[in-house]
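One structure is given here, and the rest of the page talks about it.
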Amino acid sequence: MIGKVVCLAAYSAAYLAAGLLVGASGTADARVVVDSAGRSVTIPDRVTKVICSGAGSLRLLVYLQAQERVVAVDDIEVKRQKFDARPYSIANPRLRTLPVFGEFRGFDRPERILALETQPEVILKAVVTGTGIDPGALQDKTGIPVVVVDFGDLGAKRDKLFRSLRLMGEVVDRRERAEAVIAQIESRIADLARRTPATASPPSAFIGGVAFKGPHGFQATEPSYPPFTFVGVRNLAQRGGATKDVAHADVAKEAIVAWNPDYLFLDLATLQLGEGQGALAELRTDPGYKSLSAVAERRVFGLLPYNWYSQNFESILADAYFIGKVVHPAGFADVDPAAEADRIFEFFVGQKVFRQMDAEFGGLVFKPVPLD
């Protein structure tokens, strides 16, 4: 009975605070933003305390250099696993010490949010259809404004990513930083294009072992894998327009063998499956894969994971420089991929974390994969 009374009191206080905030709209104490779902949300004029819900939301806030405003995290941020490929988390260990407000992928707990010692003024929520609590329901149950952001990507949904960066920059007063992040992404992509030679017969490649809601074997890939696009590599998994915008696919082993790609790349997220399992073990033992010319001639290389609690945009750009170095050595002659990765990491997450990430994955990042 006591717990129920405390919970009801907390809800009442939250609703009262929300009512005061809404009543203040149009004054100097509040303002209205339109979020990525088209919702008009009233938020405080100055936001200093937030939580980030859903895959990728906290990553974007770190890009905006506003991580000090985070007062709690979802549970994936405090779990220590054998592997971690999230540069924003590695660079900001404070995040692992914060209170937990709910489960990852947007399954927030309103009662935990209301019980936080330091209450957030805004919840920044990345929404994936079919997962997590509804933003409107979360706002109703907590009395805290919920601003929906669309994580987007570096391909066809790049404009959504940029709009979300600008939206979050508006919420936490990091507008100039949002524009700097957008400019950095655009300038990096332009630099990759400048270094890539125009050719009627671009080299072909396949990337296997790409994670999607967990680790996978070698058949798991990305038909629209951005690094291949950025450096003019023909992605053999992108079989015409039908698969152009598919986020993730499992390709038949027979198709990979028939394609016989010029280069093979291994998303090292597959190592989570453990010794003797996953893409690396398959390349080492499967007779079909061993027949590939890229395997026989040691043109198989390890890459930083693409997906790890949504896409690691900074790792995607770093991977693109390494892939460019491999397939277009003349255009990337002056590039040291590890050093370039650290420059990218330092800009986006504030720390040079390549060495630590490489160590997490057995020193295989940006190197030929040992197949014996």
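Within region 251-274, the residues that satisfy the criterion of being of a type in the set (A, V, I, L, M), modelled with pLDDT of 95 or more and not in a helix (DSSP H, G or I) are 264, 266. Taken together, the residues in region 138-159 that are touching a Ser or Thr at 6+ places or on another chain (Cβ under 9 Å), among the charged types (D, E, K, R) and within 20 Å of residue 107 (Cα to Cα) amount to 1. Scoring residue 15 on the criteria (1) part of a strand (DSSP E or B); (2) hydroxyl-bearing (Ser, Thr, Tyr); (3) modelled with pLDDT under 50 leaves a single failure, condition (1).
Residues that are in contact (Cβ under 8 Å) with a residue 60 or more places away in the chain and not in a strand (DSSP E or B) were ranked within region 195-208; the one that is surrounded by the fewest Cβ atoms within 10 Å (Cβ to Cβ) is 197.
Total residues in region 123-143 satisfying the condition of being of a type in the set (Val, Ile, Thr) and surrounded by fewer than 23 Cβ atoms within 10 Å (Cβ to Cβ): the figure is 4.
The residues of region 284-334 that are over 30 Å from residue 88 (Cβ atoms) and part of a helix (DSSP H, G or I), listed by number, are 284, 285, 287, 288, 289, 290, 293, 294, 295, 296. Of the strands (runs of 3 or more DSSP E) lying entirely inside region 93-149, those carrying at least 3 residues that are modelled with pLDDT of 95 or more and closer than 16 Å to residue 39 by Cβ are 122-126, 146-149.
Filtering region 292-319 to residues that are modelled with pLDDT of 95 or more and either among the hydroxyl-bearing types (Ser, Thr, Tyr) or closer than 22 Å to residue 128 by Cβ (or both) leaves 293, 313, 314, 315, 316. Taking residue 81, is it part of a loop (DSSP other than H, G, I, E, B) and modelled with pLDDT under 95? Considered against the rule, which asks whether it is part of a loop (DSSP other than H, G, I, E, B) and modelled with pLDDT under 95, residue 81 comes out as yes. Scanning region 211-236 for residues being in contact with a helix residue (DSSP H, G or I) (Cβ under 7 Å, 6 or more places away or on another chain), under 23 Å from residue 158 (Cα atoms) and not in a helix (DSSP H, G or I) gives a total of 6. Restricting region 18-61 to residues that are of a type in the set (Val, Ile, Thr) and at pLDDT below 50, which is nearest to residue 140 (Cα to Cα)? My answer is 22. Among the residues that make up region 328-336, is at least one of them among the β-branched types (Val, Ile, Thr) and crowded, with 20+ Cβ neighbours inside 10 Å? Among the residues of region 328-336, not one is among the β-branched types (Val, Ile, Thr) and crowded, with 20+ Cβ neighbours inside 10 Å, which makes the answer no.
The values are calculated or read from the model by the stated rules, or taken from the named source; none is laboratory data. Since this is a predicted model, take the numbers as computed values, not measurements. Cβ: placed from backbone, ideal geometry, glycine included. Neighbour counts: every protein chain shown.
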